[in-house]
Amino acid sequence: MRINREEMFAPVTCVIKAGGYDEALAIANDSEFGLTAGIMTSSLARASHFRANMRAGCVMVNLPTAGTDYHVPFGGRGASSFGPREQGRYAAEFYTSVKTAYVSAGEPS
């Protein structure tokens with residue numbers, strides 16, 4: 001259905017029946033959009049696999065897909081994104097420790 005193929009910014013949800021986890025992940029990744037995605041699970045292995053393989057800008061495990069920390073990069077993938085992710089450069093600076101290094105290209109003594 002069209003509603004399952006478009007990015008909605010409204011209190012709407014679509015439920016698509018899947019035969020199992022692998023099929024559900026394939027269905028979720030079969031979209032040109034990828035703003036946020038989430039999984040509810042008690043399996044650490046499945047949660048780790050979902051985090052690594054879900055093509056979305058923000059991946060939540062056992063959490064709502066709305067809301068994010070403002071000091072970390074936020075944005076989607078594919079058609080859900082425009083240019084650099086919001087807060088990207090500033091979030092990188094937040095988590096970076098600056099180190100100055102000098103290297104001589106001359107002969108060692």
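Could you order the peptides 21-28, 56-63 from most to least packed, using the average number of other C-beta atoms within 10 Å per residue?
Highest to lowest by the protection proxy: 56-63, 21-28.
Where does each of 29-40, 8-19 land if you order them by average Cβ count within 10 Å, highest first?
29-40, 8-19
Using 0.36 nm per residue of separation minus the Cα-Cα distance, give me the extension gain between MET8 and SER97 in nm, one decimal.
Extra length available between MET8 and SER97 comes to 28.2 nm.
Pulled fully out, how much extra length does the chain show between ASP22 and ARG55, if you take 0.36 nm times their separation in residues and subtract their Cα-Cα distance?
Gain in length upon complete extension: 10.5 nm.
Would you work out the relative contact order for region 1-64, in percent, from Cα pairs under 8 angstrom that are 6 or more residues apart?
31
Per the Kirkwood treatment, what hydrodynamic radius in Å, one decimal, follows for region 2-67 from the mean inverse distance over all distinct Cα pairs?
It works out to 12.6 Å.
Every number here is computed from the coordinates shown, using simple stated rules; none is lab data. Please read these numbers as outputs of a predicted model, since none were measured by experiment. Reconstructed Cβ throughout: ideal geometry from the backbone, glycine too, with neighbour counts over all protein chains shown.
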